[in-house]
Amino acid sequence: MITVTKVEKLKGALPRKIDVLVACASFEARGLTACEIFDQNDVAHVALFHFDPTEADTTQSIRTFDKHFPGKLAYHTMNHSKPESIARAIMSALPFENSKDKEFVVDISTFTKEALLVLLKFFTLFKDSFPNVTFFYRTADVSQVLSNGILQIRSVPGYMGDFEPELPLHIIVLSGFEFERAKGIIDTIEPDYITIGSGAKKESISDEMHDDNVHFTSQLSSYYSNENVNTFECSLRDPICVRDTIIKLIKQCPKRNYVIAPLNNKISTIGAGLAAIENPNIQICYAQMASYNPNYSTPSDNCIIFKLNNLTQAQT
């Protein structure tokens, strides 16, 4: 079940007893949501991830967590250029000892999409050891410039895909607002087929963001305008709906190798991850950027909550 609530009601919608809070330090203000809603006695332990090198705004975020949850933080360092560091940090942060009896709450709002996908894969691989995991996501109003300059395009660890060399390559882009990032991925991969997904109006975060997303999708599809480019709509609120939409698309043309580029919000990224977990032939790619815009987002009042076991138990 997917729950949508206001940030002032978020605490009441989450488990009352939180053994481990998982979050990622960030330059985004919404990365401090846990410090806004929880008292230090609400949480037994905080696993705080961060990327090294650390930007000044992220350093301030770490200090805020440390002050708000004194003596309860453990820091887990990742490196943007070394995706294997994400898996190592997760294994270090989430030990299996007594994990079945613990309540985990994960703020996914400010993890990178790559780190979030690796975290999702970890929890699904070891779901019997981590039966009590709740994700929450705080929405935000965003600008159209999140990042600049692509350093590398790579497959996400755990989502390499199982390709057949003789089959054509088909990329599914879950479009956001960054034309150059999407174009860079498509031009690098050089697919035979392109399908671009935007958020359905009723399933978008706001009407304004929906309109911007549709404009961007139209701009991108027209750039590659030919008979091999198609578009579709998907949810930006329900990861199960995203998964089902992607699986349905792929079933229409099964004799292809599929790559997904999740460039919209973290909810749709989770949906893409669920699709690739259900169909391991799917590859998910990630574009590592040279720099990020620290003023990219402004937190909104809406939050989306879902339990991980509900996602993994729901069938297409």
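Being over 20 Å from residue 140 (Cβ atoms), over 23 Å from the mean Cα position of the chain (by Cα) and not aliphatic (A, V, I, L, M), is that true of even one residue in region 229-241?
Looking for residues that are over 20 Å from residue 140 (Cβ atoms), over 23 Å from the mean Cα position of the chain (by Cα) and not aliphatic (A, V, I, L, M), one finds at least one in region 229-241, hence yes.
Scan region 219-265 residue by residue and report those that are in a strand (DSSP E or B), of a type in the set (A, V, I, L, M) and in contact with a Gly (Cβ under 8 Å, 6 or more places away or on another chain). Full working, then the answer.
Kept after step one, since they are in a strand (DSSP E or B), are these residues of region 219-265: 229-234, 257-262.
Now drop any that are not of a type in the set (A, V, I, L, M), which leaves 229, 259-261.
Residue satisfying the conditions is 259 alone.
Listed residues 221, 175; which is touching a residue at least 40 places away in the same chain (Cβ under 8 Å), small (Gly, Ala, Ser) and buried (at least 17 other Cβ atoms within 10 Å of the Cβ)?
Working: 221 fails: touching a residue at least 40 places away in the same chain (Cβ under 8 Å).
None of the others qualify; the one that does is 175.
Could you pull out the residue among 168, 157 that is in the same structural domain as residue 273 (by TED's automatic domain parsing), under 20 Å from residue 50 (Cα atoms) and not acidic (Asp, Glu)?
157
Output yes when any residue across region 171-190 is of a type in the set (Asp, Glu), at pLDDT 90 or above and on the phi > 0 side of the Ramachandran plot, and no when none is.
Filtering region 171-190 down to residues of a type in the set (Asp, Glu) leaves 178, 180, 187, 190.
From what is left, the residues that are at pLDDT 90 or above are 187, 190.
Imposing the further condition that a residue be on the phi > 0 side of the Ramachandran plot reduces the set to 190.
Taking every residue of region 171-190 in turn, at least one turns out to be of a type in the set (Asp, Glu), at pLDDT 90 or above and on the phi > 0 side of the Ramachandran plot.
Considering each residue of region 277-309, count those that are assigned to a helix (DSSP H, G or I) and out of contact with any helix residue (DSSP H, G or I) (no Cβ under 8 Å at 6 or more places or on another chain), and give that number.
Result for region 277-309: 1.
On the given criteria, is residue 302 assigned by TED's automatic domain parsing to the domain that holds residue 175 and either surrounded by 17 or more Cβ atoms within 10 Å (Cβ to Cβ) or over 20 Å from residue 114 (Cβ atoms) (or both)?
Working: assigned by TED's automatic domain parsing to the domain that holds residue 175: no; either surrounded by 17 or more Cβ atoms within 10 Å (Cβ to Cβ) or over 20 Å from residue 114 (Cβ atoms) (or both): yes.
Here the answer is no, as residue 302 does not meet what is asked.
Among the candidates 44, 34, single out the residue that is of a type in the set (A, V, I, L, M, F, W, C) and in a strand (DSSP E or B). Explain how you work it out, then say what you get.
Values: 34 fails: in a strand (DSSP E or B).
The conditions single out 44.
What is the one condition in (1) at pLDDT below 95; (2) closer than 25 Å to residue 146 by Cα that residue 312 does not satisfy?
Against the list (1) at pLDDT below 95; (2) closer than 25 Å to residue 146 by Cα, residue 312 comes up short only on (2).
Only one residue in 7, 22, 46 is surrounded by fewer than 21 Cβ atoms within 10 Å (Cβ to Cβ) and at pLDDT 95 or above, so which one is that? Walk me through how you get there before you give the answer.
Numbers: 22 fails: surrounded by fewer than 21 Cβ atoms within 10 Å (Cβ to Cβ); 46 fails: surrounded by fewer than 21 Cβ atoms within 10 Å (Cβ to Cβ).
Within the list 7, 22, 46, the selection yields 7.
Just to check your reading of the model, which residue among 69, 27 is closer than 24 Å to residue 95 by Cα and crowded, with 17+ Cβ neighbours inside 10 Å?
So the residue among 69, 27 that is closer than 24 Å to residue 95 by Cα and crowded, with 17+ Cβ neighbours inside 10 Å is 69.
Counting just the residues of region 11-31 that are within 23 Å of residue 101 (Cα to Cα) and part of a helix (DSSP H, G or I), which one comes out farthest from the chain's Cα centre (by Cα)?
Pass one, region 11-31, residues within 23 Å of residue 101 (Cα to Cα): 11-23.
Imposing the further condition that a residue be part of a helix (DSSP H, G or I) reduces the set to 11-13.
On the way: 11: 21, 12: 24, 13: 21 Å.
Applying the filter and picking the extreme gives 12.
Without any contact (Cβ under 8 Å) to a residue 60 or more places away in the chain and charged (D, E, K, R): which single residue out of 244, 207, 238 fits that description?
None of the other options fit; the residue is 207.
Output the residue which, of all residues in region 108-144 that are of a type in the set (D, E, K, R) and closer than 20 Å to residue 176 by Cβ, is surrounded by the fewest Cβ atoms within 10 Å (Cβ to Cβ).
Here the answer is 141.
Rundown of residues vs (1) assigned by TED's automatic domain parsing to the domain that holds residue 194; (2) crowded, with 23+ Cβ neighbours inside 10 Å; (3) under 17 Å from residue 196 (Cα atoms), yes/no style:
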| site | (1), (2), (3) |
| --- | --- |
| 257 | yes, no, yes |
| 260 | yes, yes, yes |
| 263 | yes, yes, yes |
| 272 | yes, yes, yes |
| 275 | yes, yes, yes |
| 278 | yes, no, no |
| 282 | yes, yes, yes |
| 285 | yes, no, yes |
| 288 | yes, no, no |
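Given the criteria at pLDDT 95 or above, within 21 Å of residue 305 (Cβ to Cβ) and either outside the structural domain of residue 136 (by TED's automatic domain parsing) or within 22 Å of the chain's Cα centre (by Cα) (or both), does residue 108 qualify?
Yes; evaluated as a whole, the condition is true for this residue.
The values are calculated or read from the model by the stated rules, or taken from the named source; none is laboratory data. Please read these numbers as outputs of a predicted model, since none were measured by experiment. Cβ coordinates were reconstructed from backbone atoms using ideal geometry, including for glycine residues, and neighbour counts include every protein chain displayed.
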